[in-house]
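Undergrad: Just dropping this structure here.
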Amino acid sequence: MRRTTRVAVIGAGLGGMTVAGLLQRHGFPVNVYEQAPAFSRIGAGIHLSSNVMLVMRHLGIERTLSDIALHPDAFVSRQWDTGEILFELPFDPASEARYGAAYINVHRGDLHSVLESALVPGTIAFGKKLSRIDSSPSAVRLFFEDGSQAEADLVIGADGLNSKVRDHLLGPEKPHYTGHIAHRAIFPATLLNGLPIRACTKWWGPGHHILVYYMTQAREEVYIVTSAPQQEWTSSAAFVPCDRGELVATFDGYHAELRQVVKAATEITKWPIFDREPVERWSGDRIVLLGDACHPMRPYMAAGAAMAIEDAGILARCIAEIGSADAGESFAWYEANRKPRVRKVQQISMVNTWLRTPVDPEWFFRYDGCVVPLEPPDTANK
């Protein structure tokens with residue numbers, strides 16, 4: 001498409017910033033509109049697998065992330081009560097060569113900061129909560145709750161599970177509560193009182209699991225995130241505080257090592273796990289969806305952010321390389337090349353078996369959204 005095409009990205013999450021940075025490298029003028037007043041170092045960790053780091057390479061920030069992150073020696077799966085190792089996937093120079101890039105643990109706030117550094121200064125406008133969209137044959141007008149407006153030739157909805165852009169395209173629909181919640185906590189490693197733990201371990205239990213890992217090379221902070229059943233979620237908040245006693249009781253009977261980790265947790269929060277039914281339509285006219293806005297998935301493969309970042313790589317290429325004035329052609333290629341892979345990852349995430357037992361993850365880790373061959377819409381799904 002013409003490099004004068006004005007692109008607006010709604011949402012400065014990981015997928016939104018990635019697609020903005022890649023499109024800027026293709027020469028497009030891009031503005032990102034984020035409803036939050038500013039970025040904060042939010043309390044969560046994240047895994048960046050090789051497929052994510054390959055896209056970060058194209059943004060020029062792979063080395064920066066690698067320098068600040070923890071490089072685990074392995075992903076370890078353990079049995080909840082005996083502590084038996086069910087599977088250990090090593091991460092070493094050989095695996096990095098095989099998958100094309102490293103696998104790292106990083107603080108999500110640090111990742112946001114590094115991604116922002118890959119954008120043209122001033123790209124992100126904060127405090128811009130989208131209220132409505134007006135589309136015409138020539139442009140898209142965006143209206144924000146602060147009374148301001150903006151106009152763009154293309155709009156990318158990267159605004160997450162509760163996407164306003166999705167509502168505009170598909171109509172309003174509430175996400176589905178899955179009957180599970182996630183406890184989250186970050187706490188100083190000193191609270192482990194010298195207990196040695198591996199850099200990245202998932203404990204698998206009956207109806208529950210818990211992931212425990214360090215987030216930085218200094219190993220000063222431990223992050224835990226769980227999945228546990230809870231029949232209802234009645235709060236309208238994104239998360240609520242959680243009593244430590246509730247967290248400890250959830251993992252009653254687990255191995256003593258894991259119990260000591262759980263008891264060390266402080267300032268625990270509890271988050272509902274939502275998803276949506278898959279949809280066929282990801283775009284319309286001059287508007288297209290990305291990441292959780294079109295294919296939210298349960299977090300059991302730790303792949304939601306990876307799928308959004310892969311989306312960004314493919315979408316940026318389709319906009320830059322395919323079609324001329326017709327956004328629909330670019331979007332059709334994007335959807336055709338992403339839907340089969342996304343559906344496979346959604347299915348694996350749903351059953352929550354990824355890396356529990358020996359598996360070859362090369363099909364997942366080796367994928368580079370910025371270079372993988374693109375197939376036309378009439379063949380991509382065959």
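Undergrad: Please verify whether Pro196 is assigned to a loop (DSSP other than H, G, I, E, B), open to solvent by 50 Å² or more (accessible area, probe 1.4 Å) and touching a residue at least 60 places away in the same chain (Cβ under 8 Å), treating the condition exactly as stated. So that I can check it myself, show each step before the final result.
TA: Working: assigned to a loop (DSSP other than H, G, I, E, B): yes; open to solvent by 50 Å² or more (accessible area, probe 1.4 Å): yes; touching a residue at least 60 places away in the same chain (Cβ under 8 Å): no.
Criteria not met by Pro196.
Undergrad: Take the residues in region 172-192 that are without any contact (Cβ under 8 Å) to a residue 60 or more places away in the chain and over 24 Å from the mean Cα position of the chain (by Cα); name whichever of them is farthest from Leu130 (Cα to Cα).
TA: Thr190
Here's the yes/no breakdown for (1) among the basic types (Lys, Arg); (2) part of a loop (DSSP other than H, G, I, E, B):
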{"site": "Pro206", "(1), (2)": "no, yes"}
{"site": "Val212", "(1), (2)": "no, no"}
{"site": "Arg219", "(1), (2)": "yes, yes"}
{"site": "Tyr223", "(1), (2)": "no, no"}
{"site": "Ser227", "(1), (2)": "no, no"}
{"site": "Gln231", "(1), (2)": "no, yes"}
{"site": "Thr234", "(1), (2)": "no, yes"}
{"site": "Gly245", "(1), (2)": "no, no"}
{"site": "Val248", "(1), (2)": "no, no"}
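Undergrad: Can Ala306 be described as surrounded by 21 or more Cβ atoms within 10 Å (Cβ to Cβ), under 26 Å from His168 (Cα atoms) and more than 18 Å from the chain's Cα centre (by Cα)? Give the derivation first.
TA: Details: surrounded by 21 or more Cβ atoms within 10 Å (Cβ to Cβ): yes; under 26 Å from His168 (Cα atoms): yes; more than 18 Å from the chain's Cα centre (by Cα): no.
Against the criterion (surrounded by 21 or more Cβ atoms within 10 Å (Cβ to Cβ), under 26 Å from His168 (Cα atoms) and more than 18 Å from the chain's Cα centre (by Cα)), Ala306 does not qualify.
Undergrad: Now for a different question. Please work out if Tyr213 is within 23 Å of Leu65 (Cα to Cα), in contact with a Cys (Cβ under 7 Å, 6 or more places away or on another chain) and crowded, with 21+ Cβ neighbours inside 10 Å.
TA: On the way: within 23 Å of Leu65 (Cα to Cα): yes; in contact with a Cys (Cβ under 7 Å, 6 or more places away or on another chain): yes; crowded, with 21+ Cβ neighbours inside 10 Å: yes.
The answer is yes for Tyr213.
Undergrad: Still on this structure, I have one more. For region 80-135: of the residues being aromatic (Phe, Trp, Tyr) and in a loop (DSSP other than H, G, I, E, B), which is surrounded by the fewest Cβ atoms within 10 Å (Cβ to Cβ)?
TA: Phe126
Undergrad: Before we move on, is Arg166 surrounded by 14 or more Cβ atoms within 10 Å (Cβ to Cβ) and under 25 Å from the mean Cα position of the chain (by Cα)?
TA: Working: surrounded by 14 or more Cβ atoms within 10 Å (Cβ to Cβ): yes; under 25 Å from the mean Cα position of the chain (by Cα): yes.
Spelling it out, Arg166 is indeed surrounded by 14 or more Cβ atoms within 10 Å (Cβ to Cβ) and under 25 Å from the mean Cα position of the chain (by Cα).
Undergrad: Got at least one residue in region 271-278 being assigned to a loop (DSSP other than H, G, I, E, B), under 14 Å from Val19 (Cβ atoms) and not aliphatic (A, V, I, L, M)? First the steps, then the outcome.
TA: Applying the first criterion (assigned to a loop (DSSP other than H, G, I, E, B)) to region 271-278 yields 276-278.
Those left that are additionally under 14 Å from Val19 (Cβ atoms): none.
Looking through region 271-278, none of the residues is assigned to a loop (DSSP other than H, G, I, E, B), under 14 Å from Val19 (Cβ atoms) and not aliphatic (A, V, I, L, M).
Undergrad: State which residue is surrounded by the fewest Cβ atoms within 10 Å (Cβ to Cβ) when the search covers only region 362-381 and only residues that are more than 18 Å from the chain's Cα centre (by Cα) and over 24 Å from Ile319 (Cβ atoms).
TA: Within region 362-381, the subset more than 18 Å from the chain's Cα centre (by Cα) is 362-363, 371-381.
Subsequent filtering for residues that are over 24 Å from Ile319 (Cβ atoms) retains 362-363.
Details: Glu362: 13, Trp363: 11.
So the residue we want is Trp363.
The values are calculated or read from the model by the stated rules, or taken from the named source; none is laboratory data. This is a predicted model, so every value here is computed, not measured. Every residue, glycine as well, gets a Cβ built from its backbone with ideal geometry; the counts of neighbours run over all protein chains shown. Accessible surface is based on the protein model in full, side chains and every heavy atom, while ligands, DNA and RNA are left aside. Shrake-Rupley method; radii C 1.70, N 1.55, O 1.52, S 1.80 Å.
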